Amino acid sequence: MNISLIQSDIAWADPQTNRDRLSQVFTRLPKSDLVVLPEMFSTGFATAPAGIAEKGTESLDWMREMAVRYDCAVAGSLALERDGRYYNHFAFVTPEGEVASYNKRHLFTFGGEDKKFTAGSERVIVSWRGVRFLLSVCYDLRFPVFLRNRGDYDVLLCVASWPAVRRYPWDTLLRARSIENQCYVAAVNRVGDDPALHYSGGSVLLDWLGQPMAQVPDETEGFVSGEITPEALRAAAAKFPVLSDADDFMLK
C-alpha cells in the first residue's frame, strides 16, 4: 500500500483557498492508496470556532471528489458545527463514498479546545485495502492507553496542528507509539503560522521500529509517499511477539 502525506500551510478560516491549494498538490502526487492531510486542514486549528467551523458539507464533498478522482482514500480532520455543537472531526473517505468518522477524544485543554468542542468517546479503526488504521488527532498522541494496539490495527494514523515550540515531544512520541505498538505510524503536521503559533512540520512515515521511511523536510510545504507492507509487519510481530506480553486493561 502506498501512503502519501501532505504537509501544508493553512490559510486561516478560508476553506475554499485551502481546498484549492490542496487540489493542486493532488495533481502532483504519485499513485496512492491513501492521502493524509493535517488537522483542521480547511480552517486552521480554531479553539474559538464560532464563525470559523464549517456548517456545510463542502470540505467533506471535496474529500469525496478527490477520493473518486484519484482512486484513493483521503483522511484529515475538520472543524465542524453540527446541531449547535463543535467537533474536531476526523474523516476517512473512500472512493466508494464511505466515510469513517472519529471525533477527537482528547481535547487540548491547555489551549482551550475543551471549552468549545465536544469530545468523542470511541476508538475508531478503519479497514482499507487490507490494512487496518487507528484514527487519532494531535493531542491524542500523548495518551498511550487510548492508542494501545490490542492486535486490532496495523497503522496509527495521526493528523495534527502541533506547534514548533513543542516539536521535540512530537518527534519522540511518534517513535514511542510505533515501537510500543509494533505498528506503522503515518503522521501529518502542518507548517506556517496561525494567529497564535508557528508550525514547523515533522510529517513522517515510520516503520514498527520507529525508523523513518519517508518524511517531509521541516518548514516546507510538500509531500512524501511511502510503501507499507502489512505482511512484513505481521512477520516481524510473529518473530518478536512483544504484544502478547502486554497488560490487559479496560478503557473507560
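Values quoted throughout were computed directly from the atomic coordinates according to the rules given, and no laboratory measurement underlies them. Given the structure is predicted, the values throughout are model-derived calculations rather than measurements. Note: ideal-geometry Cβ built from the backbone for every residue, glycine included; neighbour counts use all protein chains shown.
General observations
- Here is the tail figure for the range 166-252: Cα pairs spaced more than 14 Å apart come to 68 percent of all pairs.
- Sequence-ordered 3J(HN,Hα) estimates for the range 127-135 from the Karplus curve with 6.51, -1.76 and 1.60 and θ = phi - 60° stand at 9, 9, 6, x, 10, 9, 10, 8, 8 Hz, glycine and proline given as x.
- Check: the range 2-245 dipole with +1 on Lys, Arg Cβ and -1 on Asp, Glu Cβ, in debye: 500 debye
- Taking Lys and Arg as +1 and Asp and Glu as -1, the other residues whose beta-carbon sits under 15 Å from that of Thr27 total +1.
- Here the range 147-230 carries DSSP beta bridges of which approximately 60% are antiparallel, counting only pairs with both residues inside.
- When DSSP beta bridges are restricted to pairs lying wholly in the range 2-245, around 65% turn out antiparallel.
- Count of Lys pairs (Cα-Cα under 22 Å; at least 8 positions apart or interchain) in the chain: 7
- q = 0.10, 0.14, 0.16 Å⁻¹: log10 I(q)/I(0) that the Debye formula gives for the range 91-241, counting C-alpha atoms only: -0.35, -0.70, -0.92
- Within-14-Å neighbourhood charge of Glu81 [Cβ basis; K, R +1; D, E -1]: +1
- Backbone HN-Hα couplings from phi across the range 64-74 [Karplus 6.51/-1.76/1.60, Hz, Gly and Pro as x]: 4, 4, 5, 4, 5, 4, 10, 6, 8, 7, 10
- Electrostatic tally near Pro38: other residues with Cβ closer than 10 Å to its Cβ, Lys and Arg +1, Asp and Glu -1, net -1.
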